[in-house]
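The values are calculated or read from the model by the stated rules, or taken from the named source; none is laboratory data. Here the structure is a predicted model, which is why all the values come from computation and not from measurement. All Cβ positions, glycine included, derive from the backbone under ideal geometry; neighbour counts span all protein chains shown.
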Amino acid sequence: MGSQGGFYQSKEFLDLVKSIGEARSKAEEDRIVLNEIETLKRRISEPDIPKRKMKEYIIRLVYIEMLGHDASFGYIHAVKMTHDDSLLVKRTGYLAVTLFLNEDHDLIILIVNTIQKDLKSDNYLVVCAALNAVCKLINEETIPAVLPQVMELLAHPKEAVRKKAIMALHRFYQKSPSSVSHLVSNFRKRLCDNDPGVMGATLCPLFELIARDVNSYKDLVISFVSILKQVAERRLSKAYDYHQMPAPFIQIKLLKILALLGSGDKQASENMYTVVGDIFRKCDSSSNIGNAVLYECICCVSSIYPNPKLLESAADVISRFLKSDSHNLKYMGIDALGRLIKISPEIAEQHQLAVIDCLEDPDDTLKRKTFELLYKMTKSTNVEVIVDRMIDYMISINDNHYKTEIASRCVELAEQFAPSNQWFIQTMNRVFEHAGDLVNIKVAHNLMRLIAEGFGEDDDNADTKLRSSAVESYLRILGEPKLPSVFLQVICWVLGEYGTADGMFSASDITGKLCDVAEAYSNDETVKAYATTALMKIYAFEIAARRKVDMLPECQSLMEELLASHSTDLQQRAYELQAVIGLDAHAVACIMPSDASCEDIEVDRDLSFLNDYIQEAIEKGAQPYIPESERSGMLNISNFRNQDHHEASSHGLRFEAYELPKPAVQSRIPQTLIASTEIVPVPEPMYPRESYQTTMPSIPSDAGSAELKLRLEGVQKKWGRSTYTPATSTSNSTSQKTVNGTSQGDGASTVSSMRETYDSRKPQVEVSHEKQKLAASLFGGSSKTEKSPATGHKAAKASSHVVEKSHVPKSSLEVASEKATPAQQPPDLLDLGEPTATSTALQLDPFKQLEGLLDATEVASAVNGAPAASRSPDIMALYADTAAGIHNKNDADLLSGLSNPSVTNMPGTTAMPQVTQSSSKGPNPKDSLEKDALVRQMGVNPSSQNPNLFKDLLG
Amino acid sequence: MGIRFILMVNKQGQTRLAQYYEWLTLEERRALEGEIVRKCLARNEQQCSFVEHRNYKIVYRRYASLFFLVGVDNDENELAILEFIHLLVETMDRHFGNVCELDIMFHLEKAHFMLEEMVMNGCIVETSKAQILTPVQLLEKTS
């Protein structure tokens, strides 16, 4: 090993590397590195260190940083090394600075000069080393210093230099597009470079440019297509071959570019069909790299204007991926399926069992990818199953980043496809319960709004039911320990608004629970505030209904605590509560009307309701209000003095208050009002902030006190800080309604029956049965594998029918296309299928259909004729699919095992027995279906531990 | 962008080579390496060679005691990256002859030089082994 060629290494260095390599723990490694830092600090600043020794020191610095310790004491020496004449030392110096420094480091300025000099060097290796550094160290400000030289180097005779110069320009473009905007045409020019390396590198910046502005590069479609064709036909140097594939990395980059250029452009896409089709045909599907290119072809095909033939090839590759034993290929298959499904939704059906296998796979990566696919294929018919699964998974993971993501996806899907409001609320409850602190607060507000608005127009009864069920579910959930704050806010608000609305629960039940919440989460002020306001609402409703209010002892003690709270907000709420309780029924009904959270609050910006009062005051000799614009400083003071004089009876304190800053509020406020609010002590308010009406009952009392109170009200209501009841916002209520109100009345019944089907699978022991059911519920109308009881079958049908009929063109499109079996699918992908087919299917006796499904031999003579017959080939297809699938699996695996024997440990050793199994399957589809189920029941990879299974299968 | 970082880590989780294509501070690197190495090393051979982590993916491959981990953007072709790792290993094999962990440790700068030829600005720019190794071999000769 030792010192190869010029790479001199001292014993000291070898020992260091050895000891790091032999370190058994992080602590030991740290000790070695800290020791090393001490040594280097001492040594590196010694005078006259030989170059080679210095180079070694610098590499030791690289080690220090790589192992997580600070080596900044040596940066300057790395910078100095870039000046060196020796190529190796210089390049090591450049390497070290690119590893140590970011582009904004102070030392960069010392390197720019060296870079400039090196870019002019005669030695192309020096130029290359400098260009490497340019790509890492030049920032927006230093671009002009090197730009002219980099431009010159684009025409350098050495291809390595041209390539790096292109990448330097690419870097400039990334850092500051404007500084090189006039130079981007150079990327086009370099595309025609004689050297494949330069051309290949140029594809990287071009890809980025095209991604930003597709239309300016449409003229290059022909060029890219012809390059790709040449690459695929092996016109490039053999040096670019990788595992017998011609320049696969260049092919992949080109396919990515074509995908961008062909997206939504029929004409451009037509130019690509031939070459992409060729690649599909030629690609070696037994090697990883071949599959990588095939995958990229699928991405391209699903991005460009659809071509039936290519889509077919793509679908073939996908099914091969999904049937593979390799998890990597399955992963790619699921991803590709997610892409293709947008164009041809029916393709998912053939792969339902494979998808479910992936969903239930213990491999987290695969599982997540599958959830992503499910997210893409969610529609109103399968939303319940999918969201249910997602939430289960969400609960099971700890990774907060992904938890947040999946929670927001659940919310999004639920909002978009919810079959009923009740389901929506239940779903939201689960999401909040388990990921409440991770979801956006807006989601909570949406939920409250939905409960407040309910179904909308006609069905008040349903609204009430919805609220009652919400209240009931919340009272139940409150028993759980440690709920997220956001969720508690929703719960408190709903309990306050609707807790006693249906008479099921008494005020003392609800207030007791609310007090428990405030007590249990005593350090969460927001929750406490919500709870207090909810308490106030409950009491207000009681008073308004002229029932006697008995405050619970725990509630009283809570109030006492809050009255002395450090939080002014909580304190104020407590005082407001106290004040409300003291009022008579009529007044309370005015300020706290029941179920009025959706009413608009009219904001009277002119405060016209005060007119009478002002009139009265002026008649008594008060100063009229002068708008701020008409006021000068002098006037203000005289005004103030007059007022002072007028209220001569007031004490000195008030005088000081008036001297405080000028009214900082809007100009239209009567000055007197503001001035007085500043000194009004907080504990005075008689009226709560959260009043639902603008006109307040004025209480006749003596002029002075009435004045104070009235002023307070006016100001509070208009400018007081916003309160916590979100229900008052009604701005985007309509959009919510259109989404969730769609399924309306009949939605509920459908849901319950669908739920029944779904739930009924739980007690089943047979795995494959369960999977098939899950598949059926996920993939909607596909009845091929449906073995569930008739009612369930019918319900599923009916529900899809209902959904189809009732609303949303989008979902009806999906349902229709889903019904048309692949065989019937016309080549035009946008065709929606025939609605008549749907209706005949609905009239069928589900039992008959089941018979047909289970006994394919009798299908021809079956009573229900045509429709059943049209379904029977599907079973065969399914059977053929799985059988072939197992076969393929082994094929692919064995081959990949052969082709890749050197380094990887691909799974493939356990697959052998299956080959015989697949060939020995009996001709009777029924038997083999059962056997197939058995295989699945035993797991995807039967091992020798299941001798019975194989006896059964082979015998 | 594409590739965000390339790491070589042995099975004890000790870093043997680290190259980042976006700037991270020392602390960020240390945290990231700790997190993803733990994640990837815990996986078994049958599982996918891909791991989603925050808003990017890690493609990894194990060779004897050494793990190669490549952090890529979400729209990158994972299989291609997996093969890119293999290409890197093949290239190092050609240079060192049956490369092992110690070769990389003793010749850290050479491993970096090869990477510099293959990847720039987070893009794969060279895949011909001859083109990658020529500058490295010339360096060796001239010094």
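Overview of values
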| item | result |
| --- | --- |
| Residues of segment B:92-104 that turn out to be within 11 Å of another protein chain (Cβ to nearest Cβ) and within 12 Å of the chain's Cα centre (by Cα), as a count | 1 |
| Selection count where residues are of a type outside the set (D, E), assigned to a helix (DSSP H, G or I) and within 8 Å of another protein chain (Cβ to nearest Cβ), scope segment B:24-78 | 3 |
| Of all residues making up segment B:105-128, the number that are in contact with a strand residue (DSSP E or B) (Cβ under 9 Å, 6 or more places away or on another chain) and either within 13 Å of A:C128 (Cβ to Cβ) or more than 7 Å from chain A (Cβ to nearest Cβ) (or both) | 8 |
| Test result for A:S223, at negative phi and touching a strand residue (DSSP E or B) at 6+ places or on another chain (Cβ under 7 Å) | no |
| Verdict on A:V97 being out of contact with any Ser or Thr (no Cβ under 9 Å at 6 or more places or on another chain) and closer than 19 Å to B:M120 by Cβ | no |
| Filter result for the condition that a residue is within 35 Å of the chain's Cα centre (by Cα), under 23 Å from B:I81 (Cα atoms) and either in contact (Cβ under 8 Å) with a residue 12 or more places away in the chain or outside any helix (DSSP H, G or I) (or both), over A:V231, A:V293, A:V221 | A:V293 |
| Residue satisfying condition, being part of a loop (DSSP other than H, G, I, E, B), hydrophobic (A, V, I, L, M, F, W, C) and out of contact with any Ser or Thr (no Cβ under 7 Å at 6 or more places or on another chain), within set A:I37, A:I49 | A:I49 |
| Scan of segment A:87-108 for residues that are polar (S, T, N, Q), surrounded by 17 or more Cβ atoms within 10 Å (Cβ to Cβ) and either outside any helix (DSSP H, G or I) or in contact with a Leu (Cβ under 7 Å, 6 or more places away or on another chain) (or both), ordered by number | A:T98 |
| Matching residues in segment A:26-61 - criterion: being of a type in the set (V, I, T) and either in contact with a strand residue (DSSP E or B) (Cβ under 9 Å, 6 or more places away or on another chain) or more than 10 Å from every other protein chain (Cβ to nearest Cβ) (or both) | A:I32, A:V33, A:I37, A:T39, A:I44, A:I49 |
| Any chance A:D70 is loosely packed, with under 13 Cβ neighbours inside 10 Å, in a helix (DSSP H, G or I) and within 12 Å of chain B (Cβ to nearest Cβ) | no |
| Criterion (within 14 Å of chain B (Cβ to nearest Cβ) and in contact with an Asp or Glu (Cβ under 6 Å, 6 or more places away or on another chain)) met by exactly one of A:L137, A:L125 | A:L137 |
| Qualifying residue in segment A:137-152 (condition: closer than 21 Å to B:I132 by Cβ and either part of a helix (DSSP H, G or I) or not acidic (D, E) (or both)) | no |
| Search result, residues across segment A:324-348 that are more than 14 Å from chain B (Cβ to nearest Cβ) and either surrounded by 24 or more Cβ atoms within 10 Å (Cβ to Cβ) or among the aliphatic types (A, V, I, L, M) (or both) | A:L337, A:L340, A:I341, A:I343, A:I347, A:A348 |
| Selected residue (criterion: modelled with the highest pLDDT) from residues of segment A:618-636 that are exposed (fewer than 11 other Cβ atoms within 10 Å of the Cβ) and in a helix (DSSP H, G or I) | A:E619 |
| Residue among A:Q572, A:Q578 that alone is in contact (Cβ under 8 Å) with a residue 40 or more places away in the chain, under 24 Å from A:K513 (Cα atoms) and either within 45 Å of the chain's Cα centre (by Cα) or surrounded by 13 or more Cβ atoms within 10 Å (Cβ to Cβ) (or both) | A:Q572 |
| B:L139 within 7 Å of chain A (Cβ to nearest Cβ), in contact with a Ser or Thr (Cβ under 9 Å, 6 or more places away or on another chain) and either at pLDDT 95 or above or crowded, with 21+ Cβ neighbours inside 10 Å (or both) | no |
| Any hit, segment A:181-204, residues being out of contact with any Gly (no Cβ under 8 Å at 6 or more places or on another chain), small (G, A, S), away from chain B (no Cβ under 12 Å) and part of a helix (DSSP H, G or I) | yes |
| Residue count for segment A:364-392, restricted to those that are within 14 Å of another protein chain (Cβ to nearest Cβ), farther than 23 Å from A:E433 by Cα and touching a Phe, Trp or Tyr at 6+ places or on another chain (Cβ under 8 Å) | 3 |
| Failed criterion for A:I76 (all others in (1) within 24 Å of A:K117 (Cβ to Cβ); (2) surrounded by fewer than 20 Cβ atoms within 10 Å (Cβ to Cβ); (3) within 12 Å of another protein chain (Cβ to nearest Cβ) hold) | (3) |
| Residue check, A:K238 within 17 Å of A:M199 (Cβ to Cβ), surrounded by fewer than 18 Cβ atoms within 10 Å (Cβ to Cβ), within 14 Å of chain B (Cβ to nearest Cβ) and out of contact with any Ser or Thr (no Cβ under 6 Å at 6 or more places or on another chain) | yes |
| Helices (runs of 4 or more DSSP H) contained entirely in segment A:429-535, each with at least 3 residues that are without any contact (Cβ under 8 Å) to a residue 40 or more places away in the chain | A:460-477, A:507-520 |
